[in-house]
Amino acid sequence: MRQETFTLSQKELQRVSVISACIKGGMACARAAALLCLSVRQIKRLKKRMREDGEAALAHANRGRPSHRRLSHAVAERIVQLARSTYAGFNDHHLCEKLVEREGFSLSRETLRRLLRKNGLGSSRKRRAPAHRQRRVRSARLGELVQLDGSPHDWLEGRGPQLTALGMQDDATGKILAAQFFPSETAFGYLCLLRQLLRRFGVPLAFYGDHSGIFVRNDDHWTVEEQLAGKRQPPPSSAAPSNNSASPSSPPTVRRPKAASNASGACCRIVSPANCA
């Protein structure tokens, strides 16, 4: 006698188990309906089908049959012909749009993609190779590079206002050189940390920070020279501090955080605020 092999899905296997228990009398139809999320009437239909044809009767009736929503052979050939002639070189997404707008076809981009790949038509758009990224090598010794950044957070865990932690970290050793809480990330806060850093460790070789707007001029005044050059110049108060430098009431300014030192080692051209803690 010829035997046939049927493959059941996990969902269908669960149905077989529940309906078998229901047929043997170990489970009521209402309980089986609740487990399979079906009606009691549907459970009775499945019981009858399983008694007559066995477990294979619980497989989906449309298995092995072609879908009624599939593209006809003539439509598929027409689409492939257009892709090779009129719309040659179009990528899948663009081609799908043109087929719907101009040719009147009704299909999804995924259906079009499977049809084109089946007929040996690849997308004209090539995938870009992933960009190679390599971690920057740390500095060789302490003081060569100091990283600075701020982190706004609810540091007090709801017991006070939200603060911003500003810090300066040595790139070579990872040591925190200066850190303090401030209401927000401002140049004034970084200058306070810079004062602590200079007093405890001396002048570093260079600073590294993100492109924050707090280190550039934010005023709307452009000189004629700046307009001709197309870029802003650092304010004159960013010169090296001296005994007769800008007054404490003048706004603190600092050059870009990536500025390197000169031959004398003076890389931090700032105007230190007098009321900095």
Subject >> Single residue of segment 125-165 satisfying the filter (of a type in the set (Val, Ile, Thr) and free of Cβ contacts under 8 Å to residues at least 60 places away in the same chain) that is surrounded by the most Cβ atoms within 10 Å (Cβ to Cβ) >> reply: 164
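Residues checked against (1) among the charged types (D, E, K, R); (2) assigned by TED's automatic domain parsing to the domain that holds residue 77:
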| residue | (1), (2) |
| --- | --- |
| 103 | yes, yes |
| 106 | no, yes |
| 114 | yes, yes |
| 131 | no, no |
| 135 | yes, no |
Original post:
From the list 104, 122, 89, which one is exposed (fewer than 12 other Cβ atoms within 10 Å of the Cβ), touching a residue at least 12 places away in the same chain (Cβ under 8 Å) and more than 30 Å from residue 25 (Cβ to Cβ)?
Top reply: 89
**OP:** Answer with yes or no whether residue 147 is at negative phi and in the same structural domain as residue 211 (by TED's automatic domain parsing).
**Re:** yes
Original post:
Restricting attention to segment 46-54, does a residue exist that is acidic (Asp, Glu) and more than 30 Å from residue 115 (Cα to Cα)?
Top reply: yes
Original post:
Within segment 50-86, which residues are out of contact with any Phe, Trp or Tyr (no Cβ under 7 Å at 6 or more places or on another chain) and surrounded by 16 or more Cβ atoms within 10 Å (Cβ to Cβ)?
Top reply: 50, 55, 57, 58, 71, 76, 80, 82, 83
Original post:
Restricted to segment 5-49, and to residues that are out of contact with any Leu (no Cβ under 8 Å at 6 or more places or on another chain) and among the β-branched types (Val, Ile, Thr), which residue is surrounded by the most Cβ atoms within 10 Å (Cβ to Cβ)?
Top reply: 23
Original post:
Just one of the numbered conditions (1) out of contact with any Leu (no Cβ under 8 Å at 6 or more places or on another chain); (2) exposed (fewer than 12 other Cβ atoms within 10 Å of the Cβ); (3) modelled with pLDDT under 90 is not true of residue 176; which one?
Top reply: (3)
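Out of all the residues in segment 151-163, is one or more closer than 30 Å to residue 74 by Cβ and either modelled with pLDDT under 90 or touching a Phe, Trp or Tyr at 6+ places or on another chain (Cβ under 6 Å) (or both)?
Of all residues in segment 151-163, those closer than 30 Å to residue 74 by Cβ come to none.
No, there is no match, as no residue in segment 151-163 is closer than 30 Å to residue 74 by Cβ and either modelled with pLDDT under 90 or touching a Phe, Trp or Tyr at 6+ places or on another chain (Cβ under 6 Å) (or both).
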Subject >> Flag for residue 195 being of a type in the set (Lys, Arg), outside the structural domain of residue 91 (by TED's automatic domain parsing) and without any contact (Cβ under 8 Å) to a residue 60 or more places away in the chain >> reply: no
Original post:
Looking at segment 162-210, which of its residues are charged (D, E, K, R) and not in a strand (DSSP E or B)?
Top reply: 171, 175, 185, 195, 199, 200, 210
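The values are calculated or read from the model by the stated rules, or taken from the named source; none is laboratory data. For clarity, every value in this text was computed on a predicted model and none was experimentally measured. Cβ sites come from the backbone with ideal geometry, for glycine too, and all protein chains shown count toward neighbours.
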